[in-house]
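The values are calculated or read from the model by the stated rules, or taken from the named source; none is laboratory data. Keep in mind it's a predicted model, so treat the numbers as computed, not measured. Neighbour counts run over all protein chains shown; Cβ positions are idealised from the backbone, glycine included. Note: accessible area is taken over every heavy atom of the protein model, side chains too, but ligands, DNA and RNA are not part of it. Shrake-Rupley method; radii C 1.70, N 1.55, O 1.52, S 1.80 Å.
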Amino acid sequence: MADRLRGKVAIVTAAGQGIARACAMRFAAEGARVIVNDIRPDAAAEVVGEIAAAGGHATSFVADVAQSACVQAMVADAVALFGRLDVLLNNAAFPAFGRVEDMSDELWRAVFAVTLDATFYGVRAAIPAMVATGGGSGINMVSAAGLGGGAGPAAYGAAKAAVLNLTRTAAIEAAARKVRVNAICPGSIDTPPLRMFVDALPGGRDGFERQIPAKRIGQPEEIANVALFLASDEASYLTGSVIVADGGVLAGIGQGLPAEWSS
């Protein structure tokens, strides 16, 4: 095991699968004691078991992070168990899709509760806990949907845009107290929801990947590498930033060049 997070304590929300699972695994491999959060007990326990089998240290905290009291309890539990909190990675989200005029009040609120409110609760609870032991790193997952408009992700995109603004605001407020708050904007990453979406497209995975300058879908471990950097002391002067990891998609928006030009 490496030691870039040796002695640190990290919470990763919605870590039962996908990107957050990869982040929890990577944090543990780098020496962190990890609290694996998920709303599904079996999923959380499975990740904890995988970390333990690899020689790492992790414990689960099963909770709905859209509930303020649950997040407060999770942070308090981390401090009670390990004496500190150094890293919080907010990953929980509800990526529902629907046109603005078709979006019900209930769905709109549900998307914001999981995607924005849970992130707010986490940042709010984590800052004082981190300040108490000399600082820390908050990492919020954003999305390309939060960086620009598009047909379909009305609530999800609005919530992710709000997460980005929350990230910057919290970063400014906490910077002098040695707490950094940054965001990661993953592009198309090989997770179960994306595979279902891509497989249903007329061109399938091959057609989808041809639209990406890197010509491939990203892997969860590649986002975990970015999260590790932000969690580590190597990112000590980075706060209020968003790191886009999308294989070059955002860099080419608006150019309108034929796909074969980048092949």
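When residue 236 is tested against (1) under 29 Å from residue 4 (Cβ atoms); (2) open to solvent by 30 Å² or more (accessible area, probe 1.4 Å); (3) modelled with pLDDT under 95, only condition (3) is not met.
As for region 85-96, it holds at least one residue that is in contact with a Leu (Cβ under 8 Å, 6 or more places away or on another chain) and over 23 Å from residue 129 (Cα atoms). Residue 87 meets all of the listed conditions (1) open to solvent by 30 Å² or more (accessible area, probe 1.4 Å); (2) under 21 Å from residue 220 (Cα atoms); (3) not aromatic (Phe, Trp, Tyr) but one, namely (1). Open to solvent by less than 60 Å² (accessible area, probe 1.4 Å) and either under 18 Å from the mean Cα position of the chain (by Cα) or among the aliphatic types (A, V, I, L, M) (or both): does that describe residue 116? Yes; evaluated as a whole, the condition is true for this residue.
Looking across region 148-206 at every residue that is of a type in the set (Gly, Ala, Ser) and under 17 Å from residue 114 (Cα atoms), the one that is nearest to the chain's Cα centre (by Cα) is identified as 183.
If you go through region 157-168 one residue at a time, do you hit one that is basic (Lys, Arg), part of a helix (DSSP H, G or I) and open to solvent by less than 20 Å² (accessible area, probe 1.4 Å)? Yes, region 157-168 has at least one match.
Number of residues in region 169-205 that are within 17 Å of residue 21 (Cα to Cα), open to solvent by 30 Å² or more (accessible area, probe 1.4 Å) and in contact (Cβ under 8 Å) with a residue 60 or more places away in the chain: the value is 3. Looking at 14, 43, 52, 10, just one residue is out of contact with any Phe, Trp or Tyr (no Cβ under 8 Å at 6 or more places or on another chain), open to solvent by less than 20 Å² (accessible area, probe 1.4 Å) and of a type in the set (A, V, I, L, M, F, W, C), and that residue is 43.
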